[in-house]
Amino acid sequence: MKATNIIILAVSAIPFLSCKSVPDSRQSGTVVRDCTGTYLRIAENRDYLICNAEALADKKEGADVALTFVYTKECTERDGKIMCMMYHENKGVIRVKSVK
């Protein structure tokens with residue numbers, strides 16, 4: 001009976017152990033905007049596309065900000081929005097959690 005309970009416990013714990021959480025990142029940078037979107041520029045030529053740009057709606061172009069964010073691969077906020085055909089190189093997509 002004890003062996004069965006241990007096996008059931010081990011099998012039920014697998015989903016919890018296999019989930020990898022993404023840690024929040026904290027970074028200071030500059031707000032960069034163009035027709036392709038809003039970006040956080042951390043260093044020269046290191047721009048990160050901000051998925052939820054409305055979090056920085058009150059910040060002006062060139063403003064220095066400190067953000068807490070997570071990296072993401074999906075950006076549903078930009079789905080269906082018309083963007084210009086210009087290419088803006090970026091190092092990834094982030095979702096802002098808080099602005100300092």
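The values are calculated or read from the model by the stated rules, or taken from the named source; none is laboratory data. Only a predicted model underlies this, so the values are computations on that prediction, with no experimental measurement involved. Every residue, glycine among them, receives a Cβ derived from its backbone with ideal geometry; neighbour counts consider all protein chains shown.
Would you pick out the residues in the stretch 43-61 that are assigned to a strand (DSSP E or B) and either in contact with a helix residue (DSSP H, G or I) (Cβ under 9 Å, 6 or more places away or on another chain) or in contact (Cβ under 8 Å) with a residue 40 or more places away in the chain (or both)?
Matches in the stretch 43-61: 46, 47, 48, 49, 50.
Taking the criterion of being in a loop (DSSP other than H, G, I, E, B) and touching a residue at least 40 places away in the same chain (Cβ under 8 Å), would at least one residue in the stretch 76-85 satisfy it?
Looking for residues that are in a loop (DSSP other than H, G, I, E, B) and touching a residue at least 40 places away in the same chain (Cβ under 8 Å), one finds at least one in the stretch 76-85, hence yes.
Among the residues of the stretch 16-27, is any farther than 20 Å from residue 83 by Cα, surrounded by 13 or more Cβ atoms within 10 Å (Cβ to Cβ) and at pLDDT 95 or above?
No, there is no match, as no residue in the stretch 16-27 is farther than 20 Å from residue 83 by Cα, surrounded by 13 or more Cβ atoms within 10 Å (Cβ to Cβ) and at pLDDT 95 or above.
Please determine, by comparing only the residues of the stretch 58-83 that are modelled with pLDDT under 95 and farther than 21 Å from residue 24 by Cβ, which one is surrounded by the most Cβ atoms within 10 Å (Cβ to Cβ).
78
Can you name the residue in the stretch 42-78 that is in contact with a Gly (Cβ under 6 Å, 6 or more places away or on another chain) and aliphatic (A, V, I, L, M) and, of all such residues, is nearest to residue 88 (Cα to Cα)?
So the residue we want is 49.
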